[in-house]
Amino acid sequence: MGILPKTGEPKQITAAYIRHLKTASDKTDLTEERTRLIKIQADKKELELEIARGKLIDTEEAMKRWGAVVQTIRSKLLAMPSKLGPLVFGAKSLSEVNDVAEKFVHEVLTELANPNLKKHRSRNQRDMRDVEAAVKTHGRRVGRQAKSVKRGK
């Protein structure tokens, strides 16, 4: 049987066509929803995989790490006068003073250009590594055995 009856009154034909459209759109909606759900599940798995590989981190964690990097650079910049003073004290010329200052500034800029974000890992992540290491012992004691104590008479 086709979509529309071959014979019948226009009202019957119109009603049959409307029924066909409703059932077709219901099937399409269900198919679209299933496709959407599968895509969401696949995206979720992909994100979990990226997190497990260490390629993605939480936004809050990223902000904490960058905050630590900025704090390190800030402290280096604030330490410039006290560190540069002794370094340039024995300089014989202005060019020597400039060389020392430039070297110090380049050190700070290099750290800014290549921050070691792993060094600034949050406390929670370091603690989790300790927990994971403890779990790997499977409840066995670790470390050396206690020395036996000989008691005198």
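A few points about this structure:
- Where Ile51 falls short, out of the listed (1) surrounded by 11 or more Cβ atoms within 10 Å (Cβ to Cβ); (2) not in a helix (DSSP H, G or I); (3) not charged (D, E, K, R): (2)
- Hits in the stretch 78-115 (condition: exposed (fewer than 11 other Cβ atoms within 10 Å of the Cβ) and part of a loop (DSSP other than H, G, I, E, B)): Gly90, Lys92, Ser93, Asn114
- Yes/no for Leu47 being modelled with pLDDT of 90 or more and not basic (Lys, Arg): yes
- Some residue of the stretch 135-150 being of a type outside the set (Lys, Arg), in a helix (DSSP H, G or I), under 25 Å from the mean Cα position of the chain (by Cα) and modelled with pLDDT under 85: yes
- Checked against (1) at pLDDT below 85; (2) loosely packed, with under 11 Cβ neighbours inside 10 Å, Ala24 passes all but a single condition, namely (2).
The values are calculated or read from the model by the stated rules, or taken from the named source; none is laboratory data. Note that the structure is a prediction, hence the values are computed from the model and not measured. FYI the Cβ positions are ideal-geometry reconstructions off the backbone, even for glycines, and counts take in every protein chain you see.
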